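First up is the structure itself, then whatever we jot down about it.
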Amino acid sequence: MFVIFGTISIDAVAEFRLSCPLEGQRRLGEARTRGDKSAMRGYFAIGIEGVSKPGNIGNLIRTAHGFGAAFVFSISPNLKNRATVEKAQTGANTSKSETQIPYYEYPELGDMILPRGCQLVGVELIDEAVEMPSFRHPRNAAYILGSERLSLSKDIIQKCHHVIKIPTKFCLNVATAGAVVMYDRHLCYGRYADRPVSPSGPIEPLTEHVSGGPIFRTGSGTTGKRKR
């Protein structure tokens, strides 16, 4: 069980710009302006294949909102009672994140198309998967998790650019697994001070980031000069 971001038609990716992440990216830009550490460069989305428990998707939406996801999705969801779904999502998602972050349902894998440059990352406990602590998350990524009882389908795993696994003794709850993946991505791209050698050791503050001035180019093939 784990994370993969939507199904994609590889041929269509180059021509198709998915509109749903754009609003999420706009919000991330605003958050960066405010100095929000959760607003890192790039973007990500997260979803579940074949989700059947509304509380899990509601929990995932809330956590994705907290970590700054562009959107949340499900592929081939098995949510039969829509009224029960909405009630359960509300109970698990008390921050009303569904009003702040888009949620999309796709009937089949082929209905999902990723934006240009977005890499699909499956999360699954299989031998060939990369252990997540050793994985460099793509700048732009869509993560997909398997359902509560089943693993990711072979079709989805074949579409993945990467497959990673959380180094646990057994599979976690799907929403919990999603939270772990997003936290690891946050550690990968967040700008934080290094951990001290000992638990009580001092934490060295980060130096303030200073951007260089603009580079002006005078013509083709010439070397640009940075304005001081």
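The values are calculated or read from the model by the stated rules, or taken from the named source; none is laboratory data. Just so you know, these numbers come straight off a predicted model, no measurement behind them. A quick note on method: Cβ atoms are made from the backbone with ideal geometry, for glycine too, and the neighbour counts reach across all protein chains shown.
With the structure loaded, tell me whether residue 172 is crowded, with 20+ Cβ neighbours inside 10 Å, closer than 21 Å to residue 53 by Cβ and of a type in the set (A, V, I, L, M) or whether it fails that test.
no
Which residues, taken from the range 57-78, are part of a helix (DSSP H, G or I) and modelled with pLDDT of 90 or more?
59, 60, 61, 62, 63, 64, 65, 66, 67
How many residues does the range 153-194 contain that are among the aromatic types (Phe, Trp, Tyr) and modelled with pLDDT of 95 or more?
Qualifying residue count, the range 153-194: 1.
Every residue in the range 42-56 that is under 11 Å from residue 148 (Cα atoms) and under 14 Å from the mean Cα position of the chain (by Cα), please.
Matches in the range 42-56: 48 only.
Cβ contacts < 7 Å: first residue more than 19 Å from residue 122 (Cβ to Cβ), restricted to the range 61-73; second residue among the polar types (S, T, N, Q) and assigned to a strand (DSSP E or B), any location; separation 6+ or different chain. Result?
none
Residue under question is residue 181, and the condition is that it be within 20 Å of residue 70 (Cβ to Cβ) and β-branched (Val, Ile, Thr); does it hold?
So residue 181 fits the description; yes.
Going through the range 134-151 one residue at a time, which ones are surrounded by 17 or more Cβ atoms within 10 Å (Cβ to Cβ) and modelled with pLDDT of 95 or more?
Answer for the range 134-151, where residues must be surrounded by 17 or more Cβ atoms within 10 Å (Cβ to Cβ) and modelled with pLDDT of 95 or more: 135, 137, 138, 140, 141, 142, 143, 144, 145.
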